[in-house]
Amino acid sequence: MTKGLDRRGLLGGLATGGAALASGAASAAEPPAGPRSVLVYTATALLEERVSHGKTPYGERFRIPIIGGSFEGPDIRGRIVPGGADWQLLRADGYLELLADYYMETDDKVQIKVSNRGLIQTMPGPDGGRYAMTTPRFEAPMGKYGWLNQLIFAGTVAPGEGKVPSVRLAIYKLV
């Protein structure tokens, strides 16, 4: 860690000074307010067919090549660069673990790396719904899109529409 900046110091600063940053002092017995989500963008990722890598002690492994797509939101828009992949593990409990690694290119030609972890329930629950969430992490160059490096994000995953296999994502920043 950087000299003068250690974990204990950071956490201590948050515990003492961070409380002063919160608006509307709450009693010590109340938990802090939960995060609020704000839409960053929606995306459609175009995919090739799933490739099986076989069963392992952890479950069945798959790779799905990402061949393109697009994204658009209030402050960011562009295309998904072909060449990424979605690595998947189908677990014995019927959940699918995802790890998608790919690049996005904004409409002003900035390349942003995305590492997107997710969890999808493959069988509908008792209410007929399926859990399908993702937590992207961005690596953006300093500058116009540097804010992507400084926040926590969460999103939803749904099957895409059309002739080409795809998924639809809705990505939110937590504030």
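Quick notes on this structure:
- Computed on region 100-143, with alpha-carbon pairs under 8 angstrom and 6+ residues apart, the relative contact order is 36 percent.
- Taking a sphere under 14 Å around the Cβ of residue 165 and counting the other residues whose Cβ falls inside, with K and R at +1 and D and E at -1, yields a net charge of 0.
- Charge context of residue 55, other residues only, Cβ under 13 angstrom, K/R +1, D/E -1: +1
- Projected onto their three principal axes, the Cα atoms of region 60-175 cover extents of 45, 32, 24 Å, largest first.
- Sparse packing (at most 15 other Cβ atoms within 10 Å of the Cβ) combined with a DSSP loop state is found for the following GluC sites (Glu not before Pro) in region 21-111: 48, 49.
- Translational diffusion coefficient (Stokes-Einstein; Kirkwood radius from C-alpha pairs) of region 23-107 at 10 °C, 1.306 mPa s, in µm²/s: 100 µm²/s
- Total formal charge among the other residues, if their Cβ is under 9 angstrom from that of residue 100, Lys/Arg +1 and Asp/Glu -1: -1
- Among the protein heavy atoms, those of residue 123 account for about 130 Å² of accessible surface (1.4 Å probe, every chain in place).
The values are calculated or read from the model by the stated rules, or taken from the named source; none is laboratory data. Keep in mind that this is a model prediction, so the values were computed, not measured. Note that we place each Cβ from the backbone using ideal geometry, even for glycine, and neighbour counts take in every protein chain shown. These accessible areas exclude ligands, DNA and RNA; they are computed on the full protein's heavy atoms, side chains included. Shrake-Rupley method; radii C 1.70, N 1.55, O 1.52, S 1.80 Å.
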